[in-house]
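*Asks:* This is the structure, below, for whatever I ask next.
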Amino acid sequence: MPPVINPNNELNFSGGPGALPSSVLQQVQEAIVSVPEVGLSILGISHRSDWFAAVVQELETNIRTLLGLGDDYHVLLLQGGATQQFSMVPMTLLHGRNQPAEYLHTGYWSGKVLGEARREGPIRTLWSGEAEGYRRLPTDEELDFSADAPYLHYVSNETVEGIQFHRVLGHDHVPRVCDMSSDFLSKPCEADRFSLIYAHAQKNIGPAGVTVVLIRDELLQNVPEDLPGFLDYRSHIKAHSNFNTPPVFAIYVVLLVTRWLLNEIGGLERMDEINRQKAQLLYGFLDRSDGFYRGRAATADRSLMNVAFNLATPELEQRFFAEALAAGIFGLSGHRAIGGVRASLYNGLTLRAVEQLVGFMADFQQRHQA
Ligand SMILES: Cc1ncc(COP(=O)(O)O)c(C=O)c1O
């Protein structure tokens, strides 16, 4: 493993923006001063340069290679975060339709999606976990998918609550649209079973500022003609993700992460194995803690990316955060919507970091167990 530039980076359990691989950070450090093959700072290279066109091209190719995507998909690098996709999807696919699109309400982020979709057209909430505090996901028996919905939308990993679908949902002939912001490129995902996937970069693949959208060409057959150019996927396809000034820096970092996934990790299956080892280590420890640490999620739906848990009292949790920080462990406080503790184990976070976290937690338990 390459040396860690700043040891604090290794123990960054933040929910996002999150930890990035240290070999990527080293290249970024160099690129801030000068990208080797250009001789200019990455912060001052034109988005109209041949170099940047090649960056976009290589990044598209890398994403296609990692996911095994065919030519029937467009790979777009957009701005506006995942939040802009909450609107762009229904603006494109729902506007003027009478038949409702189907949405799942499985947590904080899929709740935000609903509000935006309703502005654009009719939707049906197929299932909601709200009454149960979003601690579990629905089983197939609980999901009565309609066979002729314009599309089905769900969030593959609920970042706040730490619950993740471990299967693909829905009918094969109803277009699947998925927000994969917090588990994209953390594992193979059967991408060709989805019509549209969107994922912002700042969890597993880079800094904030760029959102990857994979869209099947056939989905764009009936796009409303009066969409603003910036909100029309076709403008970005035509412009090769260079419709207006794109975030050159963020896109370059995502390219470096995809090179790391391909060349250092060895692909998404291997990334998945590593991510599973990290999650098993932490969940296994929670399960053996005699209730000192209490996992939030139903066991079958536990997220490999975001491990959410509580301690006996809010006071003990505050103490936990303070002592973690003093031990150089960052980013453990849960999302403001639900509080508690959340350890995010994105691609860039090492197994060694989880081992250190577990060591700290065992010691904390020993000192604070009544
Ligand atoms: C699953 C998911 N979707 C959407 C969002 C919102 O993303 P953005 O801030 O890029 O709009 C988040 C933010 O963390 C998220 O975790």
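*Asks:* Report P(r) for the stretch 8-131: all Cα-Cα distances, bin width 5 Å, range 0 to the bin holding the largest distance, values in whole percent.
*Replies:* Once binned at 5 Å, the Cα pair distances of the stretch 8-131 give 2, 8, 11, 12, 15, 16, 13, 10, 7, 4, 1, 0.
*Asks:* For the stretch 14-63 and the stretch 223-237, write down the distance between their C-alpha centroids in whole Å.
*Replies:* Each part reduced to its Cα centre gives a spacing of 27 Å.
*Asks:* Now for a different question. Quick check: at a probe of 1.4 Å, how many percent of the accessible area of the stretch 1-131 sits on carbon and sulfur atoms?
*Replies:* That share works out to 50 percent.
*Asks:* Still on this structure, I have one more. About the Cα centre, and with charges only on the beta carbon of Lys, Arg (+1) and Asp, Glu (-1), how big is the dipole of the stretch 263-370? Nearest 20 debye, please.
*Replies:* Approximately 180 debye in magnitude.
*Asks:* Using only alpha carbon pairs under 8 Å that are at least six residues apart, calculate the relative contact order of the chain and give it in whole percent.
*Replies:* RCO, the chain: 23 percent.
*Asks:* Quick check on the chain: take the gyration tensor over C-alpha atoms, sort the square-rooted eigenvalues as a ≥ b ≥ c, and tell me if it's rounded (a/c under 1.5), prolate or oblate.
*Replies:* Since a/c reaches 1.5 but b/c is at least a/b, the shape of the chain is classed as oblate.
*Asks:* So if I place +1 on the C-beta of Lys and Arg and -1 on the C-beta of Asp and Glu, and nothing else carries charge, what would the dipole magnitude of the stretch 35-94 be about its Cα centre? I want it in debye, nearest 20.
*Replies:* 200 debye
*Asks:* Next question. Select from LEU114, LEU357, LEU219 the residue whose mean-square fluctuation is largest in a Gaussian network model of the chain (Cα-Cα springs shorter than 10 Å).
*Replies:* In this elastic network of the chain, the residue with the biggest mean-square fluctuation among LEU114, LEU357, LEU219 is LEU219.
*Asks:* Note the full-extension length gain between LYS112 and LYS238 as 0.36 nm times their separation in residues minus their Cα-Cα distance, in nm to one decimal.
*Replies:* Difference between extended and current length: 42.4 nm.
*Asks:* Next question. Modelled label-to-label distance, ARG124 and GLN277, 7 Å Cα→beta-carbon offset: nm?
*Replies:* In this crude spin-label approximation the distance works out to 4.5 nm.
*Asks:* For VAL257, VAL38, give me the order by solvent-accessible area with a 1.4 Å probe, most accessible first, ignoring ligands, DNA and RNA.
*Replies:* VAL38, VAL257
*Asks:* How many lysine pairs does the chain hold where the Cα atoms are under 20 Å apart and the two sit 8 or more places apart or on different chains?
*Replies:* 4
*Asks:* Follow-up. Leaving out ligands and nucleic acids, note down the accessible area per residue over the chain with a 1.4 angstrom probe, in whole Å².
*Replies:* For the chain, the per-residue accessible area is 42 Å².
*Asks:* Under unit Cβ charges (Lys, Arg +1; Asp, Glu -1), what dipole magnitude, rounded to 20 debye, does the chain have relative to its Cα centre?
*Replies:* Roughly 740 debye, rounded to the nearest 20.
*Asks:* By how many nm would the segment from GLU142 to SER34 grow when fully extended, if each residue of separation counts as 0.36 nm and the alpha-carbon distance is taken off?
*Replies:* Gain on extension, GLU142 to SER34, equals 33.4 nm.
*Asks:* Separate question: Taking a ≥ b ≥ c as the square roots of the eigenvalues of the Cα gyration tensor of the stretch 62-114, is the shape rounded (a/c under 1.5), prolate (a/b larger than b/c) or oblate?
*Replies:* Prolate, because a/c is 1.5 or more and a/b exceeds b/c.
*Asks:* Could you pull out which residues in the stretch 52-86 have an amide N less than 17 Å from a spot 7 Å beyond the Cα of HIS95, following the Cα-Cβ vector?
*Replies:* What the label zone holds, given the 17 Å backbone N cut-off, is 84-86.
*Asks:* What does the charge count around ARG234 come to, taking other residues whose C-beta lies under 14 Å from its C-beta (Lys +1, Arg +1, Asp -1, Glu -1)?
*Replies:* -3
*Asks:* Would you kindly state how much longer the chain becomes between HIS368 and ALA208 on full extension, computed as 0.36 nm times their sequence separation minus their alpha carbon distance, in nm to one decimal?
*Replies:* Gain on extension, HIS368 to ALA208, equals 53.9 nm.
*Asks:* Right, next: How large, in percent, is the carbon and sulfur part of the accessible surface of the stretch 267-370 at a probe radius of 1.4 Å?
*Replies:* Ligands and nucleic acids excluded, carbon and sulfur reach 49 percent.
*Asks:* Which one, LEU262, HIS236, VAL177, projects farthest toward the positive side of the charge dipole computed for the chain from Cβ point charges (K/R +1, D/E -1)?
*Replies:* Sorting the options by dipole projection puts first LEU262.
*Asks:* Please give the FRET efficiency for ALA322 paired with ARG288, using the beta carbon to beta carbon distance and R0 = 30 Å, rounded to the nearest 0.05.
*Replies:* That gives a FRET efficiency of 0.80.
*Asks:* If you roll a 1.4 angstrom probe over the protein chains with everything in place, what fraction of the accessible area of the stretch 145-243 belongs to carbon and sulfur, to the nearest %?
*Replies:* Carbon and sulfur together cover 49 percent of it.
The values are calculated or read from the model by the stated rules, or taken from the named source; none is laboratory data. Just so you know, these numbers come straight off a predicted model, no measurement behind them. Don't worry about glycine lacking a Cβ; one is built from the backbone with ideal geometry, like all the others, and counts go over all protein chains shown. Surface accessibility is based on the protein's heavy atoms, side chains included, excluding ligands, DNA and RNA. Shrake-Rupley method; radii C 1.70, N 1.55, O 1.52, S 1.80 Å.
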